[in-house]
Amino acid sequence: MHNFFFKSFILLKWTCLFLLFVLLIVYFILRASLPDLDGTKIITLLNQSVQIARDAQGIPTIRAKYRQDTAFALGYVHAQERYFQMDLLRRKAAGELAELLGDAALESDIKVKLHRFKQRAQQIIRKLPRAHYSLLMAYSHGVNAGIEALTNDPYQYLLLGQLPEQWEPEDSILCVYSMYFDLNDELGERKTSLAILKDKLPGQWFDFLTAKGGIWDAAMDGGQLADTRLTIPATKLPDSLLTMVQGHLMQDSLLQQNAADNDVSYQQKPNPDFLPGSNFLPGSNFLPGSNSWAIDASLTAYSSAMLANDMHLTLRVPNIWYRASWYLDDGRRVTGVTLPGVPVMVIGSNERIAWGLTNAYGDWGDIITLQTNKENTQYLSSEGWKDFSIYKHLIKSSSGRSKEHISIETDRGPVIGINHKGEYIAHQWLAYAPQAVNLNFLELEKSKSVSEALQIAPKIGLPPQSILIADKEGHIGWTIAGLIPERSSKEVSDNAERINKGWQGYQTAGDYPRFVDPENHRLWSANNRLVSGEKLSMIGFEGGDLGARAQQIRDALLANEHFKEADLLAIQLDVRSVFLQRWKQLLLDSLELENSLELKSSLEPGNSQTVAVNNPDSSNKADLLLMTEVLNKEENLSADPDSAAYGLVKSFRKNVVNHSIGWIYNALEKQYPRLFKRSSMDKLIEYPVWELVSQKPQHLIPAAYKNWHDFLIGSARKAYNEISKNGQADLARQSWGQLHKIKIHHPLSTAIPGLGLLLDMPDSPLSGDRNMPKVSAGKFGASVRMVVSPGQEKNGIMHMPAGQSSHPLSSYYSTGHQDWVEGKASAFLPGKTKWLLELKSVQ
C-alpha cells in the first residue's frame, strides 16, 4: 500500500511538473507577441525618426515631423496592438472571413459579396488625391512593419493555425466600408417592411402604425411636424390577417412544444442561399446610435465652447476604438479615438476645434422595383432596356472548401431579391457611390474653426453622421458629414417604395443643412429627428430614435446656465427614466383599480372570500399588493442597479406593446422573414400603443380579454411572473442590476471554451437602458465617452470599455475599463510617459 501511494505521488508530481512546463511554454509563446514598448527600432521607410510615448494605459503619443511618418507610426502601433481586429474588419467588408475563420463564416461572406466592396475599394484607391494615397501607403507600411517586428504572430493566429496576411492600402478603405454595415440599413429593410405594411393593412391602419413624431420630438430647430395626431382605426384588422397571425402563432407554439417534448432547442431553419429567383438576402436587424451635444462659450468657464460625445455600439474585447494622440506640423496636438485599420482621428480635439459624431438616420437608400423582360435577363432603366451585370465570386474557406456565388447588378445597385409581389428589386445605397469613402478626415483634423470644419464635413467619405463641432473661439455648429442624395422627387409609390427613379446625384456642400451659434447657445443630437421643413425634406428620417433620449439631454442642457466638464459627464450618465414614468403611473393606476374592484367584490353580500376579476392570467391579491408596494417605494423611476421597480415597469410596457400592436409586426416578420423586420419599425411604436391604452377603444380590446383593464392587469401579471421567475424569487429583491448585466466578451471566447476567463471583461451589474442618456443593454452601450473644450484639453474627460491592448498578457489589457463601468472622470489627455519607443529612420 505504501508503495502504491508513493508511485501515485511521483506520478502526480511529474504530471504537475509537465503541466507547469506546458503552461510556461504557452506563456512565453504568448509573451513573444506582445508589442514593442521601449527601445529603438531601425526603420527604412520613414522620412525622419519618430517617437511613440505610451502612458500607463497604453495610450500612445506620436511625435513626428511629417504627417506621413505619424501615419506610419500609427499603423505600427495599430498592428501590434489590434491586428486581428483590423483583419476582421477588412475581411468582413471584403467577404473573406471564411479564409481565416473557416466554414462557419461562409454564409456571411456570401451575403457580403453582393456589395463588391473589395472591387470598389480598389477603384477608390486609384482615384485618391496624391497626398492621401501617400499617407495611406505610409500607414500600410507601418502596419506591416509592426507585424514583422513581433517575435511571434498575434496569438489569435496561433490559436487558429493561420498566418497574418500583408496589409494593403485598399484594406483601410474596406475598414470604413465595414462601418457602413454597422451604421446603415444595407438592404433597405425599413422600406421593404413599409411596403408590406402598406399593402397588407387597410389605409387607416397603415397611417396609425407609421407615426411620424409626437410629444417626444426634440428637434434642434424646435420645429414641430405639421400634424402628428393619430386617428385610431374605426375597424378591426381584416379576418385574413387575423387568420394568418393565428396560424403563425399556432405553428410557432407547436414547434416549440414539440421541441420541449423531445428535449431539443427550437430554432428557425437557416435562410437559403441567394440565387436569382430566391426571395431575399437577410441583413442586420439592429442599428446603433450615439449622443452628442455642444454648448457655446457663454455657458462655460472658458472663452471656448465645450463638446460631449458618447458613441453607442456593440461592446466587445478589444473595444472598437483605439485611443491615440499626435502632433500636427504647426505644433497642435490631436487627441481622441481612432479606428484600427484607418489612419485618421474619428472624434477628438486638435486644440482649436473638437468634434463628435452621432449616426444620422436619414434617407440613405432607395428600393428600386425592376421591370424585367420575360427571360429576366434585362431590366428597364431610364435609358431603356439594359442587360444585368453578372458577377461571379469564389468564396474560399480555411478548411479547403469553397463556394461559388453569383450576384446581379443594375445601374442603380445590386439586385437584392424579390419583393412580396414577386418583383425583382434593387437597392441604391450611398455606400456604392465613388465618394462614399475617402480620407478627408485628414483635413478636418487641421481645421481651426467651426466655419472651416463645416465646409469640410460634407466632403468626408463615411456613413452619414451628424457632426457637432465646438471651437476655441466659443462657437458651436452642426451639419451632416458624408453624402446626402439629391432627389428630383420625394413621392413614394402605392406600395411605399420610391418610384423607379432613385436619386440623380448628391447635394453640394453649400446646400447642406447646418446650425451655427443658435440663440439658446446649445446643440444636441441623439439619433432623433433633428430638423424640420426643407432641411428635413433634404435629409429624410428613416428608422431613427423616438426622441425621448434627445429630449432628456435637451432639457438637462436647458436647466442650467453654466457647465463644467463634470456636469456634461453627469448628463451622459443620467439614468432617470423620464420615458417610462407615465408607464409606471399607468401600472399603478391599473393595480389600484384592480385592488378596489377586488375589495368591492369581497364586500358584496354572500361573498365571504376575495374573488379575482375574471381574466386569463390568474394570480393572487398578494402579487398585486407587492407590485404596488415596490412601485410606490420609488417616486422617480431610474434604471439604477438597485431599483426593483424599473425592471417591472419595463416588462409591463413590453407585454402591453407586444400584445396590442407588436403581434402585427411579429406576424408579418414570420410570413416575410427576409423582407419585413420588426426592428426597423419599432422605434416609434410608442405613439400608437400609447394612443390605444389612453383611449381604450372597445373594438380593439386585445384578444382573450373582456376589457382594457383586464388586459393591463394581465400584462402586469406577466411582468410579475417574468421578474419574479413565476414567484420563485422575491420581487422586491429582483433589482435592475440583477436583470441587467454588462457582457463584454472577446469574439474567440465563445468559440474556444475556457478562453473567456482569460479574455473577457467581468460581467457586472450596470445602470442605464434605452430611451435615456446612459444607453446600455448587455453587449451594447457607450463605446467611448468624451467631454472636451478646445484649448482646455487638460481638463477634458475620456474613458472607454475594455482597454487599449487586445493581448491578455498586456499590463494595460483592461486598464481604464473600471473607470468606464463606474463613470469616473478619467483624463482626456494621455498621462505621464511610462514607455518610450523610437522608430529610427535609416535612409
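The values are calculated or read from the model by the stated rules, or taken from the named source; none is laboratory data. Keep in mind that what you see is a predicted model, and the values were worked out from it rather than measured. Positions of Cβ are backbone-derived with ideal geometry, glycine not excepted, and every protein chain shown enters the neighbour counts. Each accessible area value is taken on the protein alone, full model and side chains, heavy atoms only, with ligands, DNA and RNA left out. Shrake-Rupley method; radii C 1.70, N 1.55, O 1.52, S 1.80 Å.
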Mean Cβ-within-10 Å packing, highest first, puts peptides 323-330, 220-227 in the order 323-330, 220-227
For the range 350-446, the Kirkwood Rh over every pair of distinct alpha carbons, in Å, works out to 17.0 Å
SASA check, residue 176, accessible area w/ 1.4 Å probe, all protein chains in place, rounded to nearest 10 Å², comes out at 20 Å²
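For a test of the definition: using alpha carbon positions, the gyration tensor, and the 1.5 limit on a/c, classify the chain as rounded, prolate or oblate. List each step's numbers first, then the result.
On the way: a/c = 1.41, a/b = 1.28, b/c = 1.11.
Rounded, since a/c falls under 1.5.
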Taking a probe of 1.4 Å and leaving out DNA, RNA and ligands, the range 543-591 shows per residue an accessible area in Å² of 34 Å²
Filtering trypsin sites (Lys or Arg not before Pro) in the range 747-814 by DSSP loop and by at most 16 other Cβ atoms within 10 Å leaves 779
Excluding ligands, DNA and RNA, the carbon-plus-sulfur percentage of the accessible area of the chain with a 1.4 Å probe reads 52 percent
With +1 on the Cβ of every Lys and Arg and -1 on the Cβ of every Asp and Glu, the dipole magnitude of the chain about its Cα centre, in debye rounded to the nearest 20, is 1200 debye
The extension gain from residue 385 to residue 824, computed as 0.36 nm times the residue separation minus the Cα-Cα distance, is 151.8 nm
Counting all Cα-Cα pairs in the range 550-600, those more than 14 Å apart amount in percent to 65 percent
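Once you've got the Cα coordinates, tell me which of 535/564; 650/706; 683/706; 212/683; 92/683 are over 21 Å apart.
Details: 535/564 32 Å; 650/706 24 Å; 683/706 29 Å; 212/683 11 Å; 92/683 27 Å.
Beyond 21 Å between Cα atoms: 535/564; 650/706; 683/706; 92/683.
Over the range 697-828, what is the relative contact order in percent, taking alpha-carbon pairs closer than 8 angstrom and at least six residues apart?
Numbers: 170 pairs, mean separation 18.5, N = 132.
With pairs under 8 Å counted, the relative contact order is 14 percent.
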Any aspartates and glutamates whose Cα falls less than 17 Å from that of residue 472, other than same-chain ones fewer than 8 residues away, would be 296, 330, 351, 445, 452, 517, 565, 793
If every Lys and Arg gets +1 and every Asp and Glu gets -1 at its Cβ, then about the Cα centre the range 20-161 yields a dipole, in debye to the nearest 20, of 820 debye
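Which entries in the list 621/725; 200/725; 448/834; 421/779 go over 26 Å, if you measure between the two C-alpha atoms of each?
Numbers: 621/725 17 Å; 200/725 38 Å; 448/834 31 Å; 421/779 37 Å.
Flagged as over cut-off: 200/725; 448/834; 421/779.
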Packing-ranked peptide list from 140-150, 755-765, highest mean Cβ count within 10 angstrom first, is 140-150, 755-765
In degrees, nearest 10, the alpha-carbon axis of helix 578-603 is tilted away from the dominant principal axis of the alpha carbons of the chain by 30 degrees
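For the chain, calculate the relative contact order in percent as a whole number, restricting contacts to Cα pairs under 8 Å that are 6 or more residues apart. Don't skip to the answer; put the middle values down first.
Values: 1689 pairs, mean separation 168.1, N = 843.
Value for the chain: 20 percent.
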Given a 1.4 Å probe, the accessible area of the range 705-843 per residue, as a whole number of Å², is 39 Å²
Rounded to the nearest 10 degrees, the helix 169-183 long axis (Cα) sits at an angle to the longest Cα principal axis of the chain of 10 degrees
For the chain, longest principal axis from Cα atoms; helix 645-657 axis from its Cα atoms; angle between them, nearest 10 degrees, is 70 degrees
One finds, for residue 302 and residue 833 with R0 = 45 angstrom and r their Cβ-Cβ distance, a FRET efficiency to the nearest 0.05 of 0.95
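Calculate, in nm to one decimal, what residue 330 and residue 729 gain on full extension: separation in residues at 0.36 nm each, minus their alpha carbon distance. Please list the in-between numbers first.
Details: separation 399, 0.36 × 399 = 143.64 nm, distance 6.32 nm.
Here the segment from residue 330 to residue 729 would lengthen by 137.3 nm.
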quick note, the chain, DSSP beta bridge pairs, % antiparallel (nearest 5) is 95 percent
Simple SL model, points at 7 angstrom along Cα→Cβ for residue 597 and residue 392; separation in nm is 6.9 nm
